[in-house]
Structures are given as structure tokens and as C-alpha cells.
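The values are calculated or read from the model by the stated rules, or taken from the named source; none is laboratory data. These numbers come from a predicted model, not from an experiment. Virtual Cβ from ideal backbone geometry, glycine too; neighbours counted across all protein chains shown.
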Amino acid sequence: MAARVPYLDRAQVGPEIQSIFDTLLKASGRVLNFYRLMAHHARSMGPFLAWYPQLREGPLDLKLRYLAYVRASQLNRCRYCVTHNGAAARRVGVSREQLDALADGQTSPLFSDLERLVLRYAEQMTTRVQVDPTLVETLRARLDSEALVQLTLTVAAANFTNRFNEALGTELEFEEARHG
């Protein structure tokens, strides 16, 4: 499936977004399709890019963060986010076996008790919105308030990016190159 709006390139955007594209290109060697679509609403890009990377900073272990992000993305069937965040998860030490077992996370021996709680939290936030108060209290006993809020923001961000990408049909960059 092709994206439902055109991807914008550097030559098609104003100076402020050109600067953002240059920063993204310098940092990672490419401008992800997610940002090429977001550029259509240029005034959102700067604030999003100022906020989004902050989700990786704080007391929450990055492995827990990415397990939650990928699990929410799986539940929302967002292949784009599963792929990109799965790769990030691998870079911080999540095993390929764990990623493959996320759907069975509550029973798989590959996950610790805390990882199971985090996965359950991500699942409830994503599928039910309301989270069982007992689960929140159990997590509060294991994570400090900042880490719990960081986890909550992470799952909320996953649901945001999943919905954005699925609504607009964001293609994985290597697939777009193959078709384009």
C-alpha cells in the first residue's frame, strides 16, 4: 500500500523544516517517512521532535520502554512502528526471541515478572484505555513515579505514532524505495 499523502522531500518544505530534515539526516543518515508525512503540518514537527526523544531519558530501563512500545505497536498492527522500534529494542539488549514471544509475554519464560507487568500495562492501555488499578499499584511498587509516568507516556506515544502511520499508510523506507 502506498502512503495516502505524498512524502515531502527537502526541496518541497520551508526553511524551518529543511533545517529539521538536515538535523535528522545528519543524526541518522536519513529522514524517516514518518517525518516526511508529518512535514505536511510543519508547525507540529519542531514540538514533536523536542518532546519525543525525551521519552528515552529517565529512570525507566530502555528494554522495558521498547518492550512496551513494540507490544502496543503489535496490538495496533503497525508494521512500521514494530519494525523501527523492534530494531531499537535489539540495540538496547532485547533479544530476537523476546520480540518473537511478545504476544505470549504473560506466559513465556523469556520475560521477568517486571517485564510481564510492563507488557500487561501496555496491552491494557492500548486495548482497553482504562488500566486495572491493581496493576498500576503493583507497578508503583516496582517503579518510581517518574518511571511509571515515563512508561505511560511511552505507551501513549506508541499509540499516537501507530495511529498516525496506519491512518496515512506510512511505508517502511526500504519498501518505498523498492516501489518508487
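Part of a loop (DSSP other than H, G, I, E, B), of a type outside the set (Asp, Glu) and closer than 23 Å to ASN33 by Cβ - does that describe any residue in segment 151-169?
Here is the first cut: in segment 151-169, the ones part of a loop (DSSP other than H, G, I, E, B) are 169.
With of a type outside the set (Asp, Glu) added as a condition, the list becomes 169.
Within this subset, residues satisfying the condition of being closer than 23 Å to ASN33 by Cβ are 169.
For segment 151-169, residues part of a loop (DSSP other than H, G, I, E, B), of a type outside the set (Asp, Glu) and closer than 23 Å to ASN33 by Cβ: present.
Hey, does segment 56-67 have a residue that's closer than 26 Å to ILE20 by Cβ and touching a residue at least 60 places away in the same chain (Cβ under 8 Å)?
Narrowing segment 56-67 to residues closer than 26 Å to ILE20 by Cβ: 56-58, 62, 65-66.
Remaining after also requiring touching a residue at least 60 places away in the same chain (Cβ under 8 Å): 58, 65.
Looking for residues that are closer than 26 Å to ILE20 by Cβ and touching a residue at least 60 places away in the same chain (Cβ under 8 Å), one finds at least one in segment 56-67, hence yes.
From the set of residues in segment 74-92 that are in a helix (DSSP H, G or I) and within 10 Å of GLU166 (Cβ to Cβ), which is nearest to the chain's Cα centre (by Cα)? If you could, list the steps in order and put the result at the bottom.
Going through segment 74-92, the residues in a helix (DSSP H, G or I) turn out to be 74-75, 79-91.
From what's left, within 10 Å of GLU166 (Cβ to Cβ): 79-81.
Details: ARG79: 11, TYR80: 9, CYS81: 6 Å.
The qualifying residue nearest to the chain's Cα centre (by Cα) is CYS81.
Please go through (1) in a helix (DSSP H, G or I); (2) assigned by TED's automatic domain parsing to the domain that holds GLU123 for TYR35 and return the number of the only condition it doesn't satisfy.
Failed condition: (2).
Going by the structure shown, is GLY86 at pLDDT 95 or above and on the phi > 0 side of the Ramachandran plot? Let's see the steps before the verdict.
Details: at pLDDT 95 or above: yes; on the phi > 0 side of the Ramachandran plot: no.
No: the conditions fail for GLY86.
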